[in-house]
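Below: the structure, in structure tokens.
All of the numbers you see were taken from the coordinates with simple rules; none came from a lab. On a predicted model such as this, the values are computed, not experimentally measured, just so you know. Quick reminder, even Gly has a Cβ in these numbers, built from the backbone with ideal geometry, and neighbours come from all protein chains shown.
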Amino acid sequence: MSNKAKEIAINLKQDLLKKIDGNIKAKSNSEQAWLEKLRKDARAEFDLLGFPTVKLEAWRKTNLKSYLERKFDVNAIDKDLSSSEANTALMCEANKYDTDLYTQYNGHWMKGADGVTTYDNGTIVCPMSIAINIFSELVEPHFGKYAIDKGNALTALNTADFVEGYFVYVPDNVEHDRSLQMVNLIDSDNNIFANMRNLVVLGKNSKLRMLHCDDSVSENNCFINNITEISIADGAKLDLYKLQNKDNESVVITSTFVEQGADSNFASNTIILNGGLVKNDTKVLLNGRGANADVIGLYLMDGHQLVDNHVHITHAVSNCTSNQLFKGIVDEYAHSVFNGHTLVAKDAQQTLAFQNNNNIQLTKTSKIDTNPFLEIYADDVKCSHGATVGQLDTAAMFYIMQRGICERNAKMLLMLAFVGQVIDKIELPNLRASMTELVGKRLKGELSSCDQCSITCAEPDKPIHFEIDMSKV
Amino acid sequence: MAKSEDIIIDEVTSSDYKYGFTTDIESEDIGKGLSEDVVRIISAKKNEPEWLLEFRLKAYRKWLTMEQPDWAHLKISPIDFQEIIFYSAPKKKKELESLDEVDPELLDTFNKLGISLEEQKVLSGVAVDAVIDSVSVKTTFTDVLEKKGIIFMSFSEAVQKYPDLIKKYMGSVVPPSDNYFAALNSAVFSDGSFCYIPKGVRSPVELSTYFRINAANTGQFERTLIVADEGAYVSYLEGCTAPQRDENQLHAAIVEIVTHDNAEVKYSTVQNWYPGDKNGVGGIFNFVTKRGLCKGHHSKISWTQVETGSAVTWKYPSCILKGDHSVGEFYSVAVTNNYQQADTGSKMIHIGKNTKSTIISKGISAGKSHNSYRGLVKVSANADNSRNFSQCDSLLLGSECGAHTFPYIDTANETTVVEHEATTSKISDEQLFYCQQRGLSPEKSIGLIVNGYAKEVLNQLPMEFAAEAQKLLAISLENSVG
Amino acid sequence: MLEIKNLHVSVEGKEILSGLYLTVNAGEVHAIMGPNGTGKSTLAAVIAGNEAYDVTEGEIIYKGKNLLELSIEDRAREGVFLGFQYPVEIPGVSMTNFMRTAIDEIREYRGQEPLSAGAFLKYMKEKKELVEMHAKLNNRSVNQGFSGGEKKKNEIFQMAMLEPTLSFLDETDSGLDIDALRIVAKGVTALKSPDNATVVITHYQRLLDYIVPDFVHVMYDGKIVKTGDRSLALELEENGYDWIKKELEAKK
């Protein structure tokens, strides 16, 4: 690396520390004491660790170096548009998924989402900046309790530096029937470097469905470090869909930390359509008997994109089940990394844990690294994992083409069939239809440059069209 | 059912190591500790040429700059290298001319180990090179091999007789700088076996090396080098045992294999170093670097290992598939019991086109042991149409052991197919009930099921080795199968 | 030979058998019939000693011994054979090796000399012919890759090999086509002697066309509620179980 680049990387850390120190000082009277302490400890940890390097197992194949050497403005968010201006900048005129939309634009909440929303059933949705003060008693018992990731500098950095994010609270026994859609849209020339922090708390036997969208519309350096902590109490159920459609210059790192109570359910489905560097860490702690976690995902990468999915599921107690399924198609110069880790603790008997990562590699210049790990300390378990890297089935290709379908469409059909397993698990019909279409477009190369937000271009009513009759295949 | 099973497991896991005797052979050593002087002394004792001393010294200096790797899923108590004797040899009275002249105590040792050199020679037609502590004590069958042009002798002897071959191939697959233990071995290796199969020759007998650590406080650092020239074939067997001692003894070996065009080497190991006692005291630290280079097209290297011994095993027999159409195979059964720890697996590096590799790994954990599979399948951009299939199964006997799987798959080619499968399970109650219903005792049932589970790997072993391995599996888990 | 008195059995706290009585003498063939979930398979499992079932009350006397005190394998060595409804697959263990080990252990238990390899193979060949088993067993793992019919035939083959005194055949006829059924029945009939007894558990009367029972029992709600001869089976075939249920309710 050039000396200049090195300097930028070092300066970035210093800039961040300076900013954190400034904020801690400025808020010394207004910040909640518990949060101030968390921030100070986290600042020290970040200072000690510095940004992660490839020497760390979790980052072995995901090198942040070249990204950190870019120019970022750690104060960009504060300089950006105020929320009222943002309103007009976003063209998202219609909500296609039949959800309640909460949009953050360059880190600022859009009008309507910038205050506290309280539903009749007691569900609360509100900006994190507000929640830590007015709902401190709801936030404090959970905040920082799940995002425990010793040695992960980015987690520490996030805790020390975050300004905004969302807080969602569903009280005990409430089944919230409207899906919540949390959009995080970046459209800025200011080389944003931002830490966002979210917290989702589900009371006992409650139910919630959420969409979390990371989007960007401009091709500028951008580094988003997003942490979501989720607590799912006994008997509760959370469906979390994550859609990521970022431009090729942006770095988005999302870490989701989940703790589950007895008989609770967590289903997450991550669909990554585009992004410069996308790293999704999902850490689930199954901490009550009978808990179940399904963590699935799909990634479609080309260009020089890098996607890294890291799933870590800990079976801490007996009789829990988990299921990991990630599928990806990797084209051109793209690089995909999958790190699956299932840990079955001693005494976590009667565990069922499955893990699968399937990849289709389309070019010699693309790279696929997959590490499906099992770490097992209990004997009465059924655990399996599998990983494959391959191509489209040539026999199937031949069969389809023999029926008069051109090679391009034959490929498309098989790729859609390959990803179908993940898309079919989307329970929201509109979202499923829209994803099917988006994935189709993405595979045809129509989305790869992504000059639009995927959320606005989706037209769920329009069925997907091919020049072939799919019923005949 | 759980309770009775625990009792069974306990019974099965409480068997004793059958090879724990020591032999009263007079040996000479050079005292404890490691330094540049020690390296020079070893080299001088072996009357080595200057270039080999240089090789050792370079390795030693490199080693000084390295750190013991800590990435494996192992807890290793610190090794004090100044407490180890780096060279120990049975004292020779004079050059041995025939078996009759071998120290009777030594012959007795081999008899106890079940490898009567004499008997082996006559009955099974296996050529044996026996390495005790650090030095090769006897190679059998040399005349038959000589007729075919096969070179099979101790490493030290080969250094004197075939320096050009040694110089050409030694370190070409495992360079001294490869890893911490490879560097250490390269600096202080004492002996080992060398084998060269000339063009077009299929070895008429199986070649075998038997390793035994006898002396106390001694490390064993042997090197094996096998070169199969164009179209050659050899099946090579390696066995190891050690006496029961309270301290941990270090075994850091290197095995290098090179196969040229159309050549094939089949390397089988039954590793039964002393595993330590029931409380985890003593046992061998088995840190071995085994690697084969499929240099020529259509060449093949096949590793088969049955690992039942050692307190700690750190070993990843690997294949570099450089030649087009070359084939790499790895078949492994690793059993850990009591406090044993194993971190073992394979690396398959696909470089040539149309290369193929297979990994079949069966881990069996009992007692308080930990058994990890760790493997890498790497496909480089030029390795068109390469294929890998890996299957890594773990079987848990008892609720206090661990079974872990850490596969790494890195691919950079669009025509490659890599498949990895793994399962972890215990012996099902249904299987146990079924066997018992047919009149089998729980111990027998488990023995049978475990052997069935490992069969795919055991089938890869040469006949006479397979029987031994099967017995060993049963013994290792005797009173442990649950 | 076998006397079951007031047998109560539960699984995970749920009572499956509630006061069952059954007596089987040497030379007899019994058939146990009854609707699903009435505890037929439970009875067979308890006889064999499956530890998933808790015997909470009652006794089982077999050849004068308290059967419940014996381990699974000792029951087998004493001549109790269970033909599994779902034979278990044991990968990598060849049928030959499996039977060899079983016979060695049983002979050792009985204080007999082990069979020589030659004698064993000859013995196995004879028994294979008896059940018209044509598959090469020496390189096939126990039940692995066997079709449903083959698995059932394999159970009868093992029964022939082990020469039990008391055999419980749990739904051995289910999933068999008529030819396989005939072979299985032929095997069972051929093995019949004045010294042993067989209890077949079945849903269908058709097996009883081939294996003629001396007694037919109907199980309902964890008990044997009716016992008769072969005509009872035919009656059940024709009229189903409803009339028995009605009869029972009327008694109440």
Inset, instruction - Would you mind classifying chain A by shape? Square roots of the alpha carbon gyration tensor eigenvalues, ordered a ≥ b ≥ c; an a/c under 1.5 is rounded, otherwise it is prolate if a/b is larger than b/c and oblate if not. - result: rounded
Legend entry - Per-residue mean of C-beta atoms belonging to partner chains within 10 Å, peptide A:361-368: 6
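Across the residues of B:442-448, average count of Cβ atoms on other protein chains within 10 Å?
Details: counts 3, 0, 5, 8, 0, 1, 9.
Counting other chains' Cβ atoms within 10 Å and averaging over B:442-448 gives 4.
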Inset, instruction - Please list the radius of gyration and Dmax for the protein assembly as shown, considering alpha-carbon atoms only, with Å as the unit. - result: 34.7, 105
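If you count, for every residue in C:72-81, the Cβ atoms of partner chains within 10 Å of its Cβ, what is the mean?
Working: counts 13, 10, 3, 3, 6, 5, 1, 1, 2, 3.
Mean inter-chain Cβ contacts per residue within 10 Å come to 5.
Using C-alpha positions alone, give me the convex hull volume of the stretch C:49-107 per residue in cubic angstrom. Please list the in-between numbers first.
Values: hull volume 6.4 nm³, N = 59.
Per-residue hull volume (Cα only) is 108 Å³.
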Legend entry - Dipole of chain A [Lys/Arg +1, Asp/Glu -1 at C-beta], most positive-end residue of A:Asn106, A:Tyr241, A:Thr314: A:Thr314
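For C:Thr227 and C:Leu115 in one chain, what is 0.36 nm times their gap in residues minus the Cα-Cα distance, to one decimal in nm?
On the way: separation 112, 0.36 × 112 = 40.32 nm, distance 4.22 nm.
Extending this stretch completely gives an extra 36.1 nm.
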Inset, instruction - Quickly work out the B:Glu83-to-A:Lys382 label distance, labels modelled 7 Å from Cα along the C-beta direction, and quote it in nm with one decimal. - result: 4.8 nm
Inset, instruction - Read phi for every residue in the stretch B:222-233 and hand back ³J(HN,Hα) as whole Hz from Karplus 6.51 cos²θ - 1.76 cosθ + 1.60, θ = phi - 60°, with x for Gly and Pro. - result: 10, 10, 10, 10, 10, 10, 10, 6, 3, x, 7, 9
Inset, instruction - Hey, can you grab everything whose amide H is under 5 Å from the amide H of A:Thr270? Only 5+ residues off in sequence or another chain; H modelled, so Pro and N-termini drop out. - result: A:Lys242, A:Ile296, A:Gly297, A:Leu298
Legend entry - Relative pair counts by distance (%), Cα atoms of the stretch B:341-421, 10 Å bins: 20, 42, 23, 12, 3
Inset, instruction - Could you give me the radius of gyration and the Dmax of the stretch A:270-401, taking only the C-alpha atoms into account and expressing both in angstrom? - result: 16.4, 53
Legend entry - Cα gyration tensor shape of the stretch B:220-309, rounded if a/c is under 1.5, else prolate or oblate by comparing a/b with b/c: prolate
Legend entry - Three-way shape label, the stretch B:152-225, alpha-carbon gyration tensor, a/c 1.5: oblate
Inset, instruction - Compute the distance in nm between two label points, each set 7 Å from the Cα along the Cα-to-Cβ direction, one at C:Arg107 and one at A:Glu7. - result: 8.9 nm
Inset, instruction - Using only C-alpha atoms and all pairs of different ones, pull out the Kirkwood radius for the stretch C:163-213 in Å with one decimal. - result: 11.1 Å
Inset, instruction - Within 10 Å, count the other beta carbons around each residue, average over each peptide in C:24-34, A:273-283, and list them highest first. - result: A:273-283, C:24-34
Legend entry - Pairwise label distance in nanometres, C:Asn66 with A:Ser136, each label 7 Å out on the Cα-Cβ vector: 6.9 nm
Inset, instruction - Measure out, as a whole number of angstrom, how far apart the alpha-carbon centroids of the stretch A:100-134 and the stretch B:179-206 sit. - result: 69 Å
Inset, instruction - Quick one: dipole size for the stretch A:157-242, taken about the Cα centre, charges +1 on Lys/Arg Cβ and -1 on Asp/Glu Cβ, in debye to the nearest 20. - result: 380 debye
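Could you tell me which of the pairs A:Lys382/B:Lys426; A:Lys346/B:Lys426; B:Lys147/B:Lys266 are separated by over 19 angstrom between their Cα atoms in the structure shown? List each step's numbers first, then the result.
Values: A:Lys382/B:Lys426 8 Å; A:Lys346/B:Lys426 14 Å; B:Lys147/B:Lys266 22 Å.
Pairs exceeding 19 Å: B:Lys147/B:Lys266.
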Legend entry - Highest average packing first - A:287-298, B:368-379, Cβ atoms within 10 Å: B:368-379, A:287-298
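Let me spell out the model: positive unit charges on the Cβ of Lys and Arg, negative unit charges on the Cβ of Asp and Glu, origin at the Cα centre of the protein assembly as shown. What dipole size does that give, in debye rounded to 20? Write out the running numbers ahead of the final one.
Details: 127 positive and 164 negative charges, 377 e Å.
Once rounded to the nearest 20, the dipole reads 1820 debye.
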Inset, instruction - Starting from the Cα of C:Lys63, draw a straight line to each of the lysines and keep only those under 24 Å, dropping any in the same chain fewer than 8 residues away. - result: C:Lys5, C:Lys40, C:Lys192, C:Lys223
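Summing -39500 (n - 2.57) over the DSSP H runs of n ≥ 4 in the protein assembly as shown and dividing by its residue number, what mean residue ellipticity at 222 nm do you reach, to the nearest 500 deg cm²/dmol? Display every interim value, and only then the final one.
Numbers: 33 runs with 334 residues, N = 1207.
Only helices count here, giving -8000 deg cm²/dmol.
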Inset, instruction - Choose one of C:Gly149, C:Tyr220, C:Leu121: the residue whose Cα lies farthest towards the positive end of the charge dipole of chain C (beta-carbon charges +1 Lys, Arg; -1 Asp, Glu; about the Cα centre). - result: C:Leu121
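Semi-axes of the equivalent ellipsoid for the stretch C:37-162, please: Cα gyration tensor eigenvalues, times 5, square-rooted, ordered largest first, whole Å.
Details: eigenvalues 147, 76, 27 Å².
Equivalent ellipsoid semi-axes, largest first: 27, 19, 12 Å.
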Legend entry - Distance between the stretch A:147-167 and the stretch B:309-337 - C-alpha centres, whole angstrom: 41 Å
Legend entry - Furthest towards positive pole of dipole, A:Val170, B:Pro462, B:Asn338, structure part the protein assembly as shown, Cβ charges: B:Pro462
Inset, instruction - Could you pull out every residue, at least 5 positions away or on a different chain, whose amide H is within less than 5 Å of the one on A:Asn173? Hs are placed 1.01 Å off N in the peptide plane, and Pro or chain starts have none. - result: A:Lys204, A:Asn205, A:Ser206
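Can you tell me the dipole magnitude for chain C around its Cα centre, using point charges on the Cβ only (Lys, Arg +1; Asp, Glu -1), in Debye to the nearest 20?
Values: 30 positive and 39 negative charges, 99 e Å.
Rounded to the nearest 20 debye, it is 480 debye.
Using only the alpha carbons of the stretch B:291-411, what is the convex hull's orientation-averaged projected area in square nanometres?
Working: hull surface 25.2 nm².
Over all viewing directions, the stretch B:291-411 projects a mean Cα-hull area of 6.3 nm².
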Legend entry - Inter-centroid distance (Cα atoms) of the stretch C:180-208 relative to the stretch A:352-410, Å: 49 Å
Legend entry - Overall dimensions of the stretch C:2-251 as given by Cα atoms, namely Rg and Dmax in Å: 18.2, 62
Legend entry - Candidate aspartates and glutamates for bridging to A:Lys71, where Cα separation is under 17 Å - those fewer than 8 sequence places away on the same chain excluded: A:Glu7, A:Asp15, A:Asp80, A:Asp187, A:Asp189, A:Glu219, A:Asp247, A:Glu249
